[in-house]
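Okay, so here's the structure we're looking at.
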Amino acid sequence: MIPLLEVKKLEVAFIEDHKQTICTDKVSFSVNPGEILCIVGESGCGKSVTALSIMGLLGNTAKVIGGEVLFEGKDLLKMTERELDKIRGSELTMVFQDVMNSLNPVFTIGNQLEETIRIHLGYDKKAAREYAIEILEKVGLPDSKAILKKYPHMLSGGMRQRVMIAMALACHPKLIIADEPTTALDVTIQLQIMKLLLELRREFKLSIILITHDMGVVAELADRVIVMYAGQCVEEADVNSLFENPVHPYTQALLQSVPSIYGNRNQKLASIPGIVPEKYQNMKGCRFAKRCPYASPECANRQLYQKFDSKHKVRCHLARTGKETISNVS
Amino acid sequence: MFHKEIKEPLMRIENLRKDYPAKGTGLIGHKNMIHSVDGIDLTIYEGETLGIVGESGCGKSTMGRQMVALERPTSGRVLYKEQDISNMPAGQLQKIRTEFQMIFQDSTSSLNPRKQIYDILAAPMLYHGIVKKENISHEINRLLNLVGLPSSVRHRYPHEFSGGQRQRIGIAKALSLKPKLIVCDEPVSALDVSVQAQVLNLLRQLQEELRLTYVFIGHGLGAVHYISNRIAVMYLGKIVEVADTEELFNNPIHPYSKALFDASPLPDPKCRHRDRIVLSGEIPSAAALPGGCRFHTRCPYAVDSCREMEPKLESISAGSNHLSACPVMSDNLRRRDFSNGREENKDN
């Protein structure tokens with residue numbers, strides 16, 4: 001299958017006082033048509049930065065310093081803003097976590113939604129309005145005529161997220177990047193939004209990149225998963241093999257430290273000692289080594305991102321020696 | 001696991017209410033009120049951890065603040081060791097306050113950014129005379145070590161710490177006055193999963209060492225399940241169900257509890273297609289509560305009587321400490337129990 005999006009060795013750095021601090025380090029992955037890819041990791045691991053650099057929305061503080069982002073074969077990073085504007089918002093769209101700040105508070109929902117439709121699809125005012133109503137109904141907002149006249153603050157968090165999704169869907173995108181779309185929502189509303197994303201995927205054959213820190217959300221939605229740690233991909237696998245047989249020690253620890261409502265309460269919750277390294281630019285070896293229960297002296301000097309089996313790719317040189325070392329311990 | 005140790009009620013809450021005026025006034029100067037906490041009765045026993053779950057706006061944080069007398073109730077009482085702390089004069093309250101403390105969700109804004117950790121921890125202890133001045137340095141070292149921080153951090157400022165470490169300082173601050181009861185208001189919600197586990201384990205270890213009683217408010221069901229012996233589910237200012245943790249998760253009676261547990265994502269892709277209740281619609285506004293059972297607008301099992309009568313929180317069977325505020329489901333259960341013994345579905 002030809003991937004819809006291919007990210008190759010993407011390197012992004014924060015720029016502060018003429019100094020560069022690498023925040024994503026040679027991140028590579030691809031998204032196939034119709035697939036939901038989850039990028040999971042803790043705060044500061046570079047998952048949002050990856051998403052923003054795909055969209056070309058990094059701003060002034062960060063810069064892409066290497067790599068390619070191929071969307072249907074064309075490198076988004078080499079495009080001018082003008083060329084990018086044609087794709088961005090129509091074929092490639094994004095849903096943000098913080099909906100309140102991503103909708104304009106002084107314009108009505110109708111204003112903002114119809115603008116997108118008019119610009120990208122070339123509809124006239126009346127047609128745009130009709131289409132806006134239709135698309136709001138698609139995302140499960142009843143009484144969408146009234147919603148068009150409302151301002152963002154008049155809607156609840158869940159409704160605002162639905163509006164954002166409607167906006168992202170309006171121009172028949174091929175790929176939606178959703179950055180923590182349900183994190184700010186209550187669980188019952190989160191379930192509604194997750195169901196909606198799955199339905200829309202089926203109906204429009206969308207690809208979705210879902211960025212989250214919640215292993216539960218990953219288990220509910222993903223087809224394939226990438227685990228990120230300190231700016232690198234540390235494990236890549238399809239969702240079932242990742243949960244059944246996590247190979248990287250970080251993934252294992254992450255899965256064990258999630259308290260489940262059906263877990264055993266009398267058992268002490270596994271936790272990862274220490275914290276994520278803040279400065280990892282010059283680390284030669286494995287970035288997780290200091291917190292890793294299996295670390296050997298060798299880990300400080302080398303890291304290796306390689307195929308573990310047909311389904312897994314892992315950044316752990318111990319994983320190569322076979323399943324005995326890593327997976328049996330858990 | 002703590003059940004046998006539970007003895008005395010430590011705190012009793014009686015018909016507690018808190019109304020806030022809504023923005024803007026209605027006709028003829030009539031103020032719309034938001035019923036944040038709307039008539040709650042609850043007992044907290046010594047040595048237990050009572051979890052409180054519910055969605056945002058259900059009043060769980062307001063109730064937590066009332067428990068430590070940070071907020072005065074509109075009506076009702078909070079009795080700590082049979083003393084009414086909700087209407088106590090400020091001077092008297094100041095003395096008893098050391099016994100119930102709070103840990104806040106936002107550890108950044110609850111620590112003074114211009115003070116060193118040493119001063120943050122020393123001030124309340126000196127004010128309340130918990131420790132003599134000459135021993136204070138020693139005591140601060142002890143507290144920091146208790147929460148797993150090296151004593152060398154005492155001269156740092158709050159911004160120099162990570163989120164998890166700041167939360168540990170928040171815990172040390174709450175512990176410094178040697179409290180009996182600690183209300184934890186979403187203490188781990190802002191933390192990453194790996195750090196969250198560290199803090200949860202710390203809270204449990206401290207409870208065993210210091211024989212503390214916790215009220216743990218949270219919306220992450222996994223965390224609440226892990227730490228609580230007993231859990232109360234809140235919806236729109238009311239408690240809809242209370243039971244021991246295992247009993248509640250294995251046998252939820254109230255449709256809202258069921259829906260809430262169903263909605264909580266399980267970290268296992270095989271459970272993806274499980275049967276579950278998907279609630280439609282949104283939580284109604286607390287300013288315009290629906291009549292009857294306040295959940296009836298979203299409840300898949302609602303019948304006519306639900307729209308008329310406000311249900312009471314009652315035992316599901318005689319003598320049980322599993323209370324539920326859904327007469328429809330409780331009746332169903334009684335009928336089912338009568339015909340065949342209760343089905344146990346304990347997995348894992």
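Taken together, the values in this text are just the output of simple stated rules run on the coordinates, not laboratory data. Keep in mind that what you see is a predicted model, and the values were worked out from it rather than measured. Every residue, glycine as well, gets a Cβ built from its backbone with ideal geometry; the counts of neighbours run over all protein chains shown.
I'd like to compare B:296-306, B:181-191: which one has the highest average count of other Cβ atoms within 10 Å, and what's the full order after that?
Going from most to least packed, we get B:181-191, B:296-306.
For peptide A:262-271, what's the mean number of Cβ atoms from other chains within 10 Å of each residue's Cβ? If you can, show how the numbers build up before the last one.
Numbers: counts 11, 5, 2, 10, 2, 1, 6, 10, 3, 11.
For this peptide, the per-residue mean of nearby foreign Cβ atoms is 6.
What ranking, highest mean first, results for peptides B:316-322, B:261-267 when packing means the other Cβ atoms within 10 Å averaged over each residue?
Numbers: B:316-322: 12.3, B:261-267: 21.3.
Averaged packing, sorted descending, gives the order B:261-267, B:316-322.
To check you understand DSSP bridge types, tell me what percent of the beta bridges within the protein assembly as shown (both residues inside) are antiparallel, rounded to 5. Don't skip to the end; give the middle numbers.
Working: 58 of 95 bridges.
Once the DSSP bridges in the protein assembly as shown are tallied, antiparallel ones form about 60 percent.
So for chain B: antiparallel DSSP bridges make up what percent, rounded to the nearest 5?
Details: 28 of 46 bridges.
Approximately 60 percent, going by the DSSP bridge assignments.
Give the order of A:ARG88, B:ARG204, A:ARG202 when sorted by the count of other beta carbons within 10 angstrom, beginning with the fewest.
On the way: A:ARG88 21, B:ARG204 17, A:ARG202 10.
In order of increasing Cβ crowding within 10 Å: A:ARG202, B:ARG204, A:ARG88.
Given axes a ≥ b ≥ c from the Cα gyration tensor, I'd like to know whether the range A:27-151 is rounded (a/c under 1.5), prolate (a/b larger than b/c) or oblate.
Prolate, since a/c reaches 1.5 and a/b exceeds b/c.
What is the antiparallel percent of DSSP beta bridges lying wholly in chain A, to the nearest 5? Show your work: numbers first, answer last.
Details: 30 of 49 bridges.
If we restrict to bridges inside chain A, about 60 percent are antiparallel.
Ignore the peptide's own chain and count Cβ atoms of other chains within 10 Å of each Cβ in B:278-286; give me the average, rounded. Spell out each step's value before the answer.
Numbers: counts 5, 6, 4, 5, 9, 5, 0, 1, 0.
The shielding value for this peptide is 4.
How crowded by other chains is A:211-222, given as the mean number of beta carbons from other chains within 10 Å of each beta carbon?
Details: counts 0, 1, 2, 4, 6, 9, 2, 3, 8, 7, 3, 2.
Per residue, the number of nearby Cβ atoms from other chains is 4 on average.
Let a ≥ b ≥ c be the square roots of the eigenvalues of the Cα gyration tensor of chain A; is it rounded (a/c under 1.5), or, if not, prolate (a/b larger than b/c) or oblate?
Numbers: a/c = 2.10, a/b = 1.61, b/c = 1.30.
Here chain A falls in the prolate category.
In the range A:229-326, what is the count of Lys pairs whose alpha carbons are under 24 Å apart, counting only pairs at least 8 residues apart or on separate chains?
So the count works out to 10.
For a quick check: sort A:THR108, B:THR62 by the number of other beta carbons within 10 angstrom, fewest at the front.
A:THR108, B:THR62
Could you name the aspartates and glutamates in cross-link range of A:LYS205, using Cα to Cα under 13 Å and dropping any fewer than eight places away on the same chain?
A:GLU35, A:GLU91
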